[in-house]
Amino acid sequence: MKTQVAIIGAGPSGLLLGQLLQQAGIETVIVERQAPDYILGRIRAGVLEQGTVDLLREAGVAARMDAEGLVHEGVELLVDGKRLRLDLKALTGGKTVMVYGQTEVTRDLMQARQASGAPTIYCAKDVRPHDLQGEHPYLTYEKDGEQHRIDCDYIAGCDGFHGVSRQSIPAGVLREYERVYPFGWLGLLSDTSPVNHELIYGQHSRGFVLCSQRSLTRSRYYLQVPLDDRVEAWSDQRFWDELKARLPADIAADLVTGPALEKSIAPLRSHVVEPMQYGRLFLLGDAAHIVPPTGAKGLNLAASDVNYLYRILLKVYREGRLDLLDQYSSLALRRVWKGERFSWFMTNLLHDFGEHKDAWDQKMQEADREYFLTSPAGLLNIAENYVGLPFEAVE
């Protein structure tokens, strides 16, 4: 089989890149090791930046998002028991965020891919990229007991942190940066109406809390918990009781509880590799970087990577601009590091680090809260990062 761009991974970044390229007349094949139902069963982010929303519209997959997604013009911060509404739209000159689950984004992209007739190979085993430094890279994989090969011009690695793409780059090429946080998030998904019409990010002496949502009838709540906690130790009732304990009485009184559809604990960490390309292999999304979810940047940074690689490849195929290929990593990383900074900042601002923070760090945390939550410049800083920084032009 031959194609122009081979994409490893049928998550949202791989599917979005494939959709944009196919729409532009650039042939793609997507190879995925999991089945579609497994991919759709993963519970992930639900807050889309303005730039991600615009990119989904450009890709022609925004009809259901625009019909069912919830536009949020603000977000609430809860510190020391005091509620502060951050007016995103007013502070950023009209920008907002969209609450629309990653699962739904993926579903829309899968349907668009199927409708286009472009090939997606699911349940592929032993996927391996080859000849990445040459002019004719290719993929091999096993399917139904047979070996297959895909020849291509470029390979996009969209297969996540544990995928084969990054692991195919020789040792010593990539530099890794990592910060591991001493706690995790216990998340609960329920078919209950959200406690507030906008998201609430809360600091509390018992630990961080996030009141999020996926729709007007489906809520997602998170509690900061120790890394050694186990989901089995948290009954639904214990979760709801602890959530109420970390919320002001007026908010807790409005909380609608119900059985958990899903419950899990996710560790928090930051991770980035540089560069994000090796020869004709380009890394996108979790294959290159991971952020703590506090800043709502994971899916949005993946979309940012897609934006840059798509626009570069568009100019490569339409204008012969091969010189742009070497710009991908630097373009993507500038925005990645800003997203990492914001996620790190929000994590430090709102979480209880306990014994992992000394007296100096504690004072710095208090000073940050005092400045950023009372200063117009500080509030603008949070708002413009939350709605998403602009994409750089590819020229």
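Data table
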{"quantity": "Candidate aspartates and glutamates - alpha carbon under 15 Å from Lys89, same-chain residues fewer than 8 apart omitted", "calculated": "Glu49, Glu73, Glu76, Glu198, Glu384"}
{"quantity": "Length released on extending from Asp87 to Ser116, taking residue separation times 0.36 nm less the Cα-Cα span", "calculated": "6.5 nm"}
{"quantity": "Using a Förster distance of 41 Å, the FRET efficiency for Gln133-Leu227 (Cβ separation, nearest 0.05)", "calculated": "0.55"}
{"quantity": "Spin-label model distance (nm) - Thr96 vs Ala249, 7 Å beyond Cα toward Cβ", "calculated": "3.5 nm"}
{"quantity": "Efficiency of FRET between Phe353 and Val256 - r from beta-carbon atoms, R0 41 angstrom, step 0.05", "calculated": "0.85"}
{"quantity": "Among (i) 76, 47, 37; (ii) 67, 65, 27; (iii) 62, 41, 40, the entry derived from the coordinates for Cα extents along the principal axes in Å", "calculated": "(iii)"}
{"quantity": "Helix-only [θ]222 nm of the chain, DSSP H runs n ≥ 4, -39500 (n - 2.57) each, per residue, nearest 500", "calculated": "-10500 deg cm²/dmol"}
{"quantity": "Out-of-range pairs (alpha-carbon distance over 28 Å; input Lys263/Lys338; Lys95/Lys338; Lys2/Lys143; Lys82/Lys357; Lys143/Lys338; Lys95/Lys263)", "calculated": "Lys263/Lys338; Lys143/Lys338; Lys95/Lys263"}
{"quantity": "Reach of Lys125 by Cα under 14 Å, taken over aspartates and glutamates that are not fewer than 8 positions away in the same chain", "calculated": "Glu32, Glu142, Asp144, Glu146, Asp159"}
{"quantity": "Set of the range 1-37 residues, backbone N closer than 20 Å to the point 7 Å along the Cα-Cβ line of Leu322", "calculated": "3-6, 26-27"}
{"quantity": "For the range 200-278 versus the range 55-92, the gap between their alpha-carbon centres in whole angstrom", "calculated": "19 Å"}
{"quantity": "Val71 paired with Ser205, simple spin-label distance in nm, labels 7 Å along Cα-to-beta-carbon", "calculated": "4.2 nm"}
{"quantity": "Per-selection Rg to Rh, the range 97-245 - Cα, Kirkwood hydrodynamic radius", "calculated": "1.09"}
{"quantity": "About the Cα centre, charge dipole magnitude for the range 131-288 (Lys/Arg +1, Asp/Glu -1 at Cβ), debye", "calculated": "520 debye"}
{"quantity": "Part-to-part distance (alpha-carbon centres) for the range 279-295 and the range 338-352, which is given in Å", "calculated": "17 Å"}
{"quantity": "Radius 9 Å from Cβ of Pro259, net charge of other residues (Lys, Arg +1; Asp, Glu -1)", "calculated": "-2"}
{"quantity": "Difference of contour (0.36 nm per residue) and Cα-Cα distance, Asp126 to Asn381", "calculated": "87.3 nm"}
{"quantity": "Label-point separation in nm, His197 to Met364, each point 7 Å along Cα→Cβ", "calculated": "3.9 nm"}
{"quantity": "In range of the label at Leu174: residues from the range 275-294 whose backbone nitrogen is under 16 Å from the point 7 Å along Cα→Cβ", "calculated": "275-291"}
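Quick note: the coordinates plus some simple rules give every number you see, no bench work behind them. It should be emphasised that the depicted structure is a prediction, and the values quoted were computed from it without experimental measurement. Note that we place each Cβ from the backbone using ideal geometry, even for glycine, and neighbour counts take in every protein chain shown.
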